[in-house]
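Engineer: Pasting a structure below so you can have a look.
Laboratory data are not the source of any read-out in this text; all were calculated from the coordinates shown. Just so it is clear, the structure is predicted and the values come from calculations on it, not from any experiment. No Cβ is skipped: glycine too gets one built from the backbone with ideal geometry, and neighbour counts run over all protein chains shown.
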Amino acid sequence: MGAYVIDGRAFAAKLKSDVAKQVAILKGKHDLTPGLAVVLVGEDPASQVYVRNKKKSVVEAGMNSYAHQLEPDVSEAELLSLVNKLNNDPMVHGILVQLPLPGHINKAAVINAVSPQKDVDGFHVINSGLLANGEQGMVPCTPLGCLMLLQDRLGDMSGLQAVIVGRSNIVGKPMAQLLLNENCTVTIAHSRTRDLPSVVGRADIVVAAVGVPELVKGHWIKDSATVIDVGINRILNDDGTTRLVGDVEYTQALKHVAAITPVPGGVGPMTIAVLLKNTVTAACRQAGVNEPEIQTQ
Ligand code: NAP
């Protein structure tokens with residue numbers, strides 16, 4: 001029997017529509033319009049596309065979008081000064097500094113200059129610490145999106161074996177914390193892990209966040225596993241065109257695992273939807289109002 005294909009696109013569309021309803025309630029009841037500031041340094045084409053998509057989604061959800069485009073040679077001091085200005089702007093509830101930053105800028109200094117309350121990316125060291133302690137903070141968008149897909153599919157995950165391949169600060173580590181908070185037994189694998197196939201083979205939940213096309217082979221994964229593929233890799237076809245593949249060998253895994261996210265159309269669309277959700281959460285916390293509840297179904 002083939003796997004259930006987890007439709008991240010549909011889930012993200014529903015989440016965006018719920019966020020838009022929340023925004024309408026916040027405007028009507030509390031005169032509160034959540035605002036997201038996005039800072040882009042330089043002209044990296046991929047970053048420009050991401051920023052454009054984020055801005056479009058923010059506006060579609062009825063929120064305010066503040067875009068700041070800085071020259072590639074902007075100094076770190078100038079960038080920090082802008083972040084500080086946004087920290088103090090009451091119209092701005094969320095701040096996102098698009099990564100990667102040019103080499104002359106200290107990434108950690110910029111991430112940690114964002115007010116933790118406005119850190120909708122959840123990358124600030126205070127937010128990492130809060131997540132590690134199981135306390136309320138801002139949670140990084142991609143792993144939170146993965147968690148939502150898993151919760152929707154599996155419900156209670158207590159006691160399940162979760163294997164996360166990848167230990168980055170933006171995906172692997174926060175994903176591990178989130179699944180630990182769900183009472184999973186969590187293993188984090190990385191480039192020094194010995195016998196990756198057998199580590200992956202014991203997982204009830206596999207999250208692959210590596211950045212290596214189809215590294216995780218379908219036959220490594222057990223039949224009852226749910227697979228979340230975070231990887232986005234562009235590879236060259238024989239005819240010179242390109243296509244996107246994940247970090248999991250999708251066609252093989254699809255034949256036998258319980259459920260799997262496709263690439264594209266799985267985790268990818270969730271990231272922007274959760275960014276919108278995080279902006280609403282941040283705005284509500286800053287204004288001291290409850291996040292509006294939206295009835296599902
Ligand atoms: P990253 O910072 O490069 O981290 C990659 C991780 O994979 C590292 O921990 C590395 O181990 C591990 N790794 C590399 N080669 C390995 C191997 N052969 N065996 C086992 N582990 C290995 O990447 P990232 O930022 O977490 O992103 C991972 C993937 O997710 C990328 O394809 C990226 O494009 C995608 N992504 C997607 C979204 C989305 O919105 N869907 C968001 C973010 C990222 P070491 O630590 O030992 O080096």
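Engineer: Averaging the inverse of every distinct alpha carbon separation and then flipping it gives the Kirkwood radius. What is it for segment 1-63, in angstrom units? All intermediate terms of the calculation are to be shown ahead of the outcome.
Structural biologist: Details: mean 1/r = 0.0718 Å⁻¹.
So the Kirkwood estimate lands at 13.9 Å.
Engineer: Between residue 84 and residue 30, what is the spin-label point distance in nm, taking each point 7 Å from the Cα along the Cα→C-beta axis?
Structural biologist: 2.9 nm
Engineer: So, one more: Over segment 82-122, consider all pairs of different Cα atoms and compute the Kirkwood hydrodynamic radius from their mean reciprocal separation; express it in Å, one decimal.
Structural biologist: Numbers: mean 1/r = 0.0944 Å⁻¹.
Result for segment 82-122 stands at 10.6 Å.
Engineer: Still on this structure, I have one more. In nm, to one decimal, how far is the residue 295 label point from the residue 238 one, both placed 7 Å along Cα→Cβ?
Structural biologist: Computed distance between label sites residue 295 and residue 238 equals 5.5 nm.
Engineer: Something else about it: Taking K and R as +1 and D and E as -1, what net charge do the other residues with C-beta under 9 Å from the C-beta of residue 208 add up to? Write down the numbers at each step before the final one.
Structural biologist: Working: positive: none; negative: 229, 247.
Charge balance in the 9 Å sphere: -2.
Engineer: Now a separate question. Return, ordered by residue number, the residues of segment 170-204 whose backbone nitrogen is under 19 Å from a label point located 7 Å along Cα→Cβ of residue 156.
Structural biologist: 179-186, 204
Engineer: Grab the DSSP H runs of the chain that are 4 residues or longer, score each as -39,500 (n - 2.57), total them, divide by all residues and round the 222 nm result to the nearest 500 deg cm²/dmol. Could you put the intermediate results ahead of the total?
Structural biologist: Details: 10 runs with 119 residues, N = 297.
Calculated mean residue ellipticity at 222 nm is -12500 deg cm²/dmol.
Engineer: Another question, if that's okay. State the Kirkwood hydrodynamic radius of the chain in Å, one decimal place, computed from all pairs of distinct Cα atoms. It would help to have the intermediate numbers written out before the result.
Structural biologist: On the way: mean 1/r = 0.0501 Å⁻¹.
With all distinct Cα pairs of the chain included, I get 19.9 Å.
Engineer: Of 55/217; 56/255; 21/173; 85/277; 27/54; 27/107, which sit over 29 Å apart, Cα to Cα? Kindly include the intermediate steps, with their values, before the conclusion.
Structural biologist: Values: 55/217 36 Å; 56/255 37 Å; 21/173 32 Å; 85/277 23 Å; 27/54 21 Å; 27/107 35 Å.
55/217; 56/255; 21/173; 27/107, as the Cα separations exceed 29 Å there.
Engineer: So the label point goes 7 Å from the Cα of residue 73 along Cα→C-beta, right? Which residues of segment 20-62 then have their backbone N under 16 Å from it?
Structural biologist: Only 42-43 pass the distance filter.
Engineer: I've got another one for you. Output needed for segment 181-246: three equivalent-ellipsoid semi-axes, defined as square roots of 5 times the C-alpha gyration tensor eigenvalues, in descending order, whole Å. Numbers along the way, then the final one.
Structural biologist: On the way: eigenvalues 130, 30, 28 Å².
After diagonalising the Cα gyration tensor, the semi-axes are 25, 12, 12 Å.
Engineer: For the residues 270, 157, 1, what sequence is obtained by ranking on other C-beta atoms within 10 Å, fewest first?
Structural biologist: On the way: 270 27, 157 19, 1 7.
Least crowded to most crowded, the residues run 1, 157, 270.
Engineer: Stretched out fully, how many nm does the piece from residue 53 to residue 91 gain, at 0.36 nm a residue minus the Cα gap? Each step should come with its number before you reach the end.
Structural biologist: Numbers: separation 38, 0.36 × 38 = 13.68 nm, distance 2.10 nm.
The span from residue 53 to residue 91 would gain 11.6 nm if fully extended.
Engineer: Using a 10 angstrom cutoff on alpha carbons, build the Gaussian network for the chain and name the most mobile of 264, 45, 213.
Structural biologist: 45
Engineer: Give me the percent of DSSP beta bridges within segment 118-270 that run antiparallel, rounded to the nearest 5.
Structural biologist: Working: 4 of 20 bridges.
Approximately 20 percent, going by the DSSP bridge assignments.
Engineer: Excluding residues fewer than 8 places away in the same chain, name every one of the aspartates and glutamates whose C-alpha is closer than 14 Å to that of residue 118.
Structural biologist: 89
Engineer: Where Rh is the Kirkwood radius over the Cα pairs of segment 58-141, the temperature 20 °C and the viscosity 1.002 mPa s, what D in µm²/s does Stokes-Einstein return?
Structural biologist: 157 µm²/s
Engineer: So, one more: Roughly how many debye, to the nearest 20, is the charge dipole of segment 104-186 about its Cα centre, given +1 on each Lys and Arg Cβ, -1 on each Asp and Glu Cβ, and no other charges? Present the calculation step by step, with values, prior to reporting the outcome.
Structural biologist: Working: 5 positive and 6 negative charges, 58 e Å.
The dipole magnitude comes to about 280 debye.
Engineer: Can you tell me what share of the DSSP beta bridges in the chain is antiparallel? A percent to the nearest 5 is fine.
Structural biologist: Working: 4 of 33 bridges.
Once the DSSP bridges in the chain are tallied, antiparallel ones form about 10 percent.
Engineer: Can you give the angle from 0 to 90° between the axis of helix 172-181 and the longest principal axis of the chain, with both taken from C-alpha atoms, to the nearest 10?
Structural biologist: Compared with the principal axis, the helix lies near 80 degrees.
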